[in-house]
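As C-alpha cells, the structure follows; a few thoughts come after it.
The values are calculated or read from the model by the stated rules, or taken from the named source; none is laboratory data. Keep in mind that this is a model prediction, so the values were computed, not measured. Here Cβ is always computed from backbone atoms with ideal geometry, including for glycine, and neighbour counts include all displayed protein chains.
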Amino acid sequence: MSLAEVLRPKVPRNLHATVAASFVALALFLFVSWRWAWSPKRGLGLAFGIAAALVYVLEMLYPARRSRARPLGTALRYLQAHVYLGAFAFVCVVIHSGLRFPGGTLGWLLLLLSLWTTASGLFGVWLQKWIPAAMAGGLQVEALYERIPELVEGLVAEADSLAAEGSDALDRFYRQEVRDRLGSLSPSWGYLFDVRAGREAALDPFRRMRAYVPQEDKERLEDLASLYTDKLELDAQLRLQGVLRRWLWIHVPPAGLLMGLVVVHVFAWVWY
Amino acid sequence: MTSGADRTELRRRYEERLQLRVPAELAALSELSLFAGIPEKARDKVLEKVRKYMHFAAYRRGDVVLREGDYGDSAYYVVKGSAEVLLGKPAAADRRAAPRVRGGAHAASAKGGAKPGASGMIGRGHVPGTVILSAHPAAEIAPGGRAVLEAGEVFGEISALSRYPISATVRAASDLRLLQIRLPGLRMLQAASKDFKKFLDTRYRERTLGRHLRGVSLFEDVSPAVIDAVREKAELVAFQPGQVIVEEGAPADAFFLVRGGYVKVSAAAGTSELAITYLRTGDFAGEAALILDEPWPFTLQALEHVELVKITREEFRRVLAAHPPVEEKLWAATLARLKQRGAALQSPVSSEYMRMAMDTGLIHGESVLLIDLATCTRCDECVRGCADAHAGEARFVREGQRYRNWLVPTACYQCTDPVCMVDCPTGAITRAIGTLEVQIDPSTCIGCSNCAKRCPWGNIVMVEQEETRPDGKPIEVATKCDLCFGRAEGPACVQMCPHGSAVRISFKDMERVVSTLK
C-alpha cells in the first residue's frame, strides 16, 4: 500500500472542513493579536481555551457511541468526529496559548499532553489504515486474535501426525528443526514493516531438506512447509493485531491525564 | 417468554411426534394406490430404494402438518383420515408485494418483477402468490376459508420441488395417517416411474403452472386461452446438479422457465468460460434465440437439482402469433440480454464475482454480511454491537470464507429459499412474507437442531440456556443473525463498525456487488 493510499482520508470533506476551520481560527488569531494584545485569560484567547476544553470533553465521550451510536447515527461518524475534532482541539490549544511556550509547569504539561494525545491519536489512525491493508494484501491466513494460540496447537497436532506417517529422515528433520519453532509463537516486530518478513529464510530448511527425503515424502514435506507458512502468518497476525489493540495504551491514559489537568487548569483559572 | 415448563411440554410433544413416525415397510407401501403406476416387476425394487426417504406419520385431530409461510421438503400422501387446508388472511400476500426494508442496511432493488427492460440478459420473474397444495390450490379456497383433503390426496409436493413458501396451513381434521415422502425420495420416484412423474406433473400443470406462467412478464397480459394452451403443451423437465441443460451454439428449440433450483448462465470467452448470470425460480431463458432464430448464445447448466418448464419453439411461436404484444416485450428483453452479455464479456470482474457467488452459495443470500479486511482493524466492535443488540449473545462469528480482501463471516445469509425453515417442529423459525429476516423465536424453539443441521453454511448455532430439562441437561436454543429485527437503526454489525468495513449486500444485485467488492 502506497503512502498516498494510507494518507487518503476516508471522508475527505471532514478533512477539508477541519483544515478550513483551522485556517479560519489562525487567521482570526493573527488579526486579533495584530490589533490587540493577546491573552489566554480573556476575549478570544479565553474563547479558544473554552472551545478546546469542550471539545476534549466531547472526545472523552467516544465510548458513549455504544450501543446505538446516537446521536451521530453510526460508529463511523463517531470516529470521524473524534479524529477531526481532536485535531482541531489541538489547534485551539495552540492558539489559546498565543503561539507561545507556556510559562508554568502546568502549562507545559497541558501543552505536551495535548501534543502527545493528538500525535498518538494520529499515529493510531495511521496504524489502523496501514496494518489492515498490509495484512489483507500480504497474508492468506485470517484469524481471531484470541484463537491464535489454539490454532497453532492445531497446526502442531496436524504436523505431528504428518511427520509420524513419513520416513525416519522426515520425522527427524521435523523433530529437530521444525517442531519447536512451529509450536512457539514468535511475533516479530519486523512484521510491522513487512508482513512476510523472514519468511524465505524460515522456509529455507524445507527447501534444503527436499533433496534428502525419499520421493514418497516430498508431498509430506510440502505439507509441512505449508503448515509452517500458516504458522508464520499467525505470528504476523498476532503481532499486527496486537499492535492494533495496544496502541491505545499510548493514547488513552495520557488523554485521561490531560482531562484531569484540564480540570485543574479550569479550576485554577476560576479560583484565581 | 415461554416458561421452562411450556418448553418442556413442546419438547415432549415433539418427541411424541417422532415416535409416531414409523419407517415405511415395504409391504405397507406396495399396497398404496400412489405407487400403482410403477410396473409391478420393478415396484418392490424401486420402493426398497426410496423407502429410507419415506415415513408413516400419525397426527391427532387438530395437529398442524404444514404451516403457512414455512418451507417444505416433503410431499404427504393421505393414507387414512382427513386433513383440512386453512388459508390465511390476504394481508400477508399484500405485504409480499412491497418488501419491508429497514434501517437503510439493504438497498431495495429497483428492479421490478419480470419487466423485460429491467431484466437484463435473463428475464427475472416473480411468483405472485404461492401455491403448494396441489390437491386444493389456494386460489380455490376463499381467504380465511377451508377445504378438506381425503384419503388418496397428495399435498406439499410443489413446495418441496419448487421451494415456494407454503401458502396455507394444513391441519389434521380427524385422526390422520400420512405417508411423508422427502424430497430425494420424490425425485427418485419421479425418475423411476413415468406414471408417478406424470401424476405429479399433471397436478402441477393443472393447479400451478398457469399461475407460474402469469408470473412471467412475457405472459402477464396473454389471454387465458393461450395460457391454457401453453400449459397443456409445456413439458416439465428436471436436471441433476452439474448437468448441462443447453450448450452454447446448439440450435435453440425451446423456451425455459425455471420452476425450482438455480441455473448457471455462461458463455465462452476465448478458452475460458465466463459466468454471465444465474436463473432461479420464476426466471426464464431462450426467447431471444427463438425470435432471432439463432443458436443458443450461452450455456445453461444446473447448479443444483433443477426443475424447468420447457415450451417448444412451435408452441412459443404460436403464442407470439396470437399475441403480438408479447413479441414487443421479447425484443426489449432481447436487447437488454445482448447488452448484459456484452457487459459480461467486457467486465471479467463482474463475471468472476458471479462465479464466486455461485461457487460459494452466496447467490442464495438476500443480505450477506461482508467485512473488508483491508480496512477492518479487527476491533470486534461489530461483534460487540451484535451482542449488545441480542442480550449479550452475539449472533455471528468474525470467521469464515475469504474472497480476495473480503471476509464472509459466519452469519446468516437470509437465504431466498431458507432450507432451515423446513421441518421446524414448533414453527419457531419464521420469515414474515415480504421481509428478509428469518427469525427464530427462542420461546418456542425446543432445541431439536433440525435447522442448524440443515443450514448448508453452518450459520445457525445451538446455544445452551440456563434453563434445564427435567433430566438435568441444559436446554439448547438455536440462534442466528436476524438482521437485528425490530432495531430501528438496522443491523448493529454495520452500524457499529467504526471504519465502515462491514456491509450487507444481496447477491441478487450484482451491480452493487461489483461496485462494493471492486
Self-check item: Which numbered condition B:SER515 fails, given (1) out of contact with any Cys (no Cβ under 9 Å at 6 or more places or on another chain); (2) within 14 Å of chain A (Cβ to nearest Cβ); (3) surrounded by fewer than 21 Cβ atoms within 10 Å (Cβ to Cβ)
Solution: (2)
Quiz prompt | Single residue of the stretch A:241-255 satisfying the filter (touching a residue at least 60 places away in the same chain (Cβ under 8 Å) and more than 14 Å from A:GLU146 (Cβ to Cβ)) that is farthest from the other protein chains (Cβ to nearest Cβ) | solution = A:PRO254
Practice problem: Mind listing just one residue for me: the one in the stretch B:388-440 that is under 28 Å from B:ASP73 (Cα atoms) and charged (D, E, K, R) and, of those, nearest to the other protein chains (Cβ to nearest Cβ)? | Solution: B:ARG395
Quiz item: How many of the residues in the stretch B:150-176 are farther than 13 Å from B:GLY72 by Cα, surrounded by 18 or more Cβ atoms within 10 Å (Cβ to Cβ) and modelled with pLDDT of 90 or more?
Solution: 4
Quiz item: Quick one: which helices (runs of 4 or more DSSP H) sit completely within the stretch A:191-272 and have at least 3 residues that are crowded, with 16+ Cβ neighbours inside 10 Å and small (Gly, Ala, Ser)?
Solution: none
Quiz prompt | Matching option when the condition is under 20 Å from B:SER167 (Cβ atoms), out of contact with any Asp or Glu (no Cβ under 8 Å at 6 or more places or on another chain) and assigned to a loop (DSSP other than H, G, I, E, B), among B:THR444, B:THR435 | solution = B:THR435
Quiz item: Which one is surrounded by the fewest Cβ atoms within 10 Å (Cβ to Cβ) among residues in the stretch B:473-512 that are more than 14 Å from every other protein chain (Cβ to nearest Cβ) and in a strand (DSSP E or B)?
Solution: B:PRO474
Quiz item: How many residues does the stretch A:18-45 hold that are more than 18 Å from A:VAL93 (Cα to Cα) and touching a helix residue (DSSP H, G or I) at 6+ places or on another chain (Cβ under 8 Å)?
Solution: 1
Quiz item: Being in the same structural domain as A:LEU127 (by TED's automatic domain parsing), within 26 Å of B:ALA374 (Cβ to Cβ) and in contact with a helix residue (DSSP H, G or I) (Cβ under 7 Å, 6 or more places away or on another chain), is that true of even one residue in the stretch A:88-96?
Solution: no
Practice problem: Would you be able to say whether some residue in the stretch A:39-54 is part of a loop (DSSP other than H, G, I, E, B) and either surrounded by 14 or more Cβ atoms within 10 Å (Cβ to Cβ) or of a type in the set (A, V, I, L, M, F, W, C) (or both)? | Solution: yes
Exercise. Would you check which residues across the stretch B:356-387 are among the charged types (D, E, K, R), assigned to a helix (DSSP H, G or I) and under 30 Å from the mean Cα position of the chain (by Cα) and list them?
Key: B:ASP359
Practice problem: Might you let me know whether the stretch A:71-87 holds any residue that is among the charged types (D, E, K, R), within 13 Å of chain B (Cβ to nearest Cβ) and surrounded by fewer than 16 Cβ atoms within 10 Å (Cβ to Cβ)? | Solution: no
Self-check item: the stretch B:22-61, subset within 15 Å of B:LYS80 (Cβ to Cβ) and of a type outside the set (A, V, I, L, M, F, W, C), residue nearest to the chain's Cα centre (by Cα)
Solution: B:HIS55
Quiz item: Hey, B:ALA343 hits all of (1) touching a residue at least 12 places away in the same chain (Cβ under 8 Å); (2) surrounded by fewer than 22 Cβ atoms within 10 Å (Cβ to Cβ) but one; which does it fall short on?
Solution: (1)
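Listed here are the residues, each with its yes/no results for (1) among the hydroxyl-bearing types (Ser, Thr, Tyr); (2) more than 24 Å from A:ALA69 (Cα to Cα); (3) buried (at least 20 other Cβ atoms within 10 Å of the Cβ); (4) at pLDDT 90 or above.
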{"residue": "B:ARG378", "(1), (2), (3), (4)": "no, no, yes, yes"}
{"residue": "B:GLY385", "(1), (2), (3), (4)": "no, no, yes, yes"}
{"residue": "B:ASP388", "(1), (2), (3), (4)": "no, no, no, yes"}
{"residue": "B:PHE396", "(1), (2), (3), (4)": "no, no, yes, yes"}
{"residue": "B:GLU399", "(1), (2), (3), (4)": "no, yes, no, yes"}
{"residue": "B:GLN414", "(1), (2), (3), (4)": "no, yes, yes, yes"}
{"residue": "B:ASP423", "(1), (2), (3), (4)": "no, yes, no, no"}
Practice problem: Check the stretch B:201-222 and report whether any residue there is over 24 Å from B:MET358 (Cβ atoms), surrounded by fewer than 16 Cβ atoms within 10 Å (Cβ to Cβ) and assigned by TED's automatic domain parsing to the domain that holds B:GLU307. | Solution: yes
